[in-house]
Amino acid sequence: TQKMVTDFQGQPDFEPTLWLRLARAFSDSGKKWEALTVYNELLRKYPQVDRENTLYGLVIAAADAGFTAEKTRALCDAFLKEFPSSKNAPTVAYLSGATALQSNDPAAAEAFFGKRLDVDPHGQYAEEMRFLLGNARFVQGKYDVARKDYETYLKDFPQGSHVEECTYRIALAQLFAGQYEAAWKALDAYLAKYPQGNFAPDAKYRIAVCKYAASLYPDVVADCQKWEKEYPNDQMLGEVLALEGDALAAQGESSKAVDTYIRAEKIAGTDEVLNYSLGEAQKLLQKAGDWDRMTAMFDEFVQTHPTHPTAVLAVYWISKAKVRQGQIDEAKKYVADTVRKYIDDPSRDAVEQLLGQLAQLSLKKQPGVTTPVDPMAQLDQLLGMSDAKTPLAKARILYTKAELAKLKQQTDEESKDR
């Protein structure tokens, strides 16, 4: 009996192996969080037993379970630091670079992919790494280097799954680098090879951009109108219309350009296109002195986008238009009504601009009115200063009073309010 006990005590501990098998069973059956729990427990109880496989399993489970990119990347870094020559190192290196891209750290992704490709240019994940390396450099604005990565991909993986996108991104890299003539040719080549490709709508839009750079404005207008007929429901239509407006404006067709910009604003898929289109239309209308149309444009925007950040700026331009039309009191009331809505909202930075405008308006008199008016008292009345409750509202009101005092050249009062 004693011999049997001694032999039993001499046997290796099977518990770590059981924990590892349990973790793999959870992982293979889709229970990723359970697998993570078991891997962590295994590392806690047996930190040095089969550590390589345990850490690798933990990395894969974390990636599959949807861990944050930062946490997954930290696990990848830990594995690669301890086991740089592991047979699983290529997989972990790929995951590390991919999660760096997901966490908006293209520089780190570039470093991971570049280093791994230098070590193993034809490894298991070489195709994906080469493509993602180009993308990481592209988003950093390294267009010439990214283009070479895409060209290398096409050379090394002519039947790869990213051939079409690489072909297109080569042209895009040239465009963004300001090489418009070369980009135009490359875009034409892409469309010749992939007439119904995934990037065909964007490619045709980019060709119009190249033509705009070459000052071929009538061609740009024709291309944009043709694009709209071909892709009437595409999400890029707002951008295309904005480009068409640019070309019309460049030709001196301001009225048509304004119409087109307004259409672009109404269907814009991004705030960037929306704000650009509104701004360009406003410049043209201001230059033409068409205050009625400017008021109508911005008023419609405020009505349809009452909570949009740009709505406050729209109020600013509406009030300026009213002033130009001699409607001073209407302009004051319009600005004050808007300010009262947003004076407690710290995200509405344009409120300060409106308050500065209101201070200026307080010094103006309605045409034909000769009765003296105290600007400060009028400001109190318009804003309802006695109703201000929050520190932000009070600070903004003091700011407005200081601006008004400054405008009246009452430096002592300005200093007191500030």
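The values are calculated or read from the model by the stated rules, or taken from the named source; none is laboratory data. Only a predicted model underlies this, so the values are computations on that prediction, with no experimental measurement involved. Cβ: placed from backbone, ideal geometry, glycine included. Neighbour counts: every protein chain shown. Ligands, DNA and RNA are stripped out before the accessible areas are found, and what is left, the full protein with its side chains, is counted by its heavy atoms. Shrake-Rupley method; radii C 1.70, N 1.55, O 1.52, S 1.80 Å.
Overview of values
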quantity: Flag for TRP227 being open to solvent by 50 Å² or more (accessible area, probe 1.4 Å), hydrophobic (A, V, I, L, M, F, W, C) and either in contact (Cβ under 8 Å) with a residue 12 or more places away in the chain or part of a helix (DSSP H, G or I) (or both); calculated: no
quantity: Test: residue in region 23-30 that is surrounded by 11 or more Cβ atoms within 10 Å (Cβ to Cβ) and either of a type outside the set (Gly, Ala, Ser) or not in a helix (DSSP H, G or I) (or both); calculated: yes
quantity: PHE113, sole failed condition from (1) open to solvent by 20 Å² or more (accessible area, probe 1.4 Å); (2) hydrophobic (A, V, I, L, M, F, W, C); (3) farther than 24 Å from ARG21 by Cα; calculated: (1)
quantity: Test: LEU379 is without any contact (Cβ under 8 Å) to a residue 40 or more places away in the chain, open to solvent by less than 50 Å² (accessible area, probe 1.4 Å) and farther than 30 Å from VAL273 by Cβ; calculated: yes
quantity: Verdict on LYS322 being out of contact with any Phe, Trp or Tyr (no Cβ under 8 Å at 6 or more places or on another chain) and more than 15 Å from THR400 (Cα to Cα); calculated: no
quantity: Counted residues, region 78-103 - those being over 23 Å from the mean Cα position of the chain (by Cα) and open to solvent by 60 Å² or more (accessible area, probe 1.4 Å); calculated: 5
quantity: Among (1) modelled with pLDDT under 90; (2) part of a helix (DSSP H, G or I); (3) open to solvent by less than 30 Å² (accessible area, probe 1.4 Å) - the single one ALA321 does not satisfy; calculated: (1)
quantity: Unmet criterion (only one of (1) touching a residue at least 24 places away in the same chain (Cβ under 8 Å); (2) within 28 Å of PRO47 (Cβ to Cβ); (3) of a type in the set (D, E, K, R)) for LYS81; calculated: (1)
quantity: Meets criteria (surrounded by fewer than 18 Cβ atoms within 10 Å (Cβ to Cβ) and part of a helix (DSSP H, G or I)) for LYS333; calculated: yes
quantity: Those residues of region 128-148 which are charged (D, E, K, R) and open to solvent by 50 Å² or more (accessible area, probe 1.4 Å), in sequence order; calculated: GLU128, LYS142, ASP144, LYS148
quantity: One residue from TYR190, TYR212 being at pLDDT 95 or above, surrounded by 22 or more Cβ atoms within 10 Å (Cβ to Cβ) and assigned to a helix (DSSP H, G or I); calculated: TYR190
quantity: Pair list, Cβ under 8 Å, 6 or more apart: region 395-417 residue open to solvent by 40 Å² or more (accessible area, probe 1.4 Å), other residue of a type in the set (S, T, N, Q) and at pLDDT below 85; calculated: none
quantity: Members of region 244-256 that are surrounded by fewer than 22 Cβ atoms within 10 Å (Cβ to Cβ) and hydrophobic (A, V, I, L, M, F, W, C); calculated: ALA249, ALA250
quantity: Options ALA171, ALA182: the member that is open to solvent by 30 Å² or more (accessible area, probe 1.4 Å), at pLDDT 95 or above and in a helix (DSSP H, G or I); calculated: ALA182
quantity: Output for region 340-358, where each listed residue is touching a Lys or Arg at 6+ places or on another chain (Cβ under 8 Å), within 18 Å of LYS401 (Cβ to Cβ) and not in a loop (DSSP other than H, G, I, E, B); calculated: VAL351, GLU352, LEU355, GLN357, LEU358
quantity: Yes/no for THR37 being farther than 30 Å from GLY141 by Cα, open to solvent by 60 Å² or more (accessible area, probe 1.4 Å) and in a helix (DSSP H, G or I); calculated: yes
quantity: Selected residue (criterion: nearest to SER161 (Cα to Cα)) from residues of region 109-133 that are in contact with a Ser or Thr (Cβ under 8 Å, 6 or more places away or on another chain) and part of a helix (DSSP H, G or I); calculated: GLU127
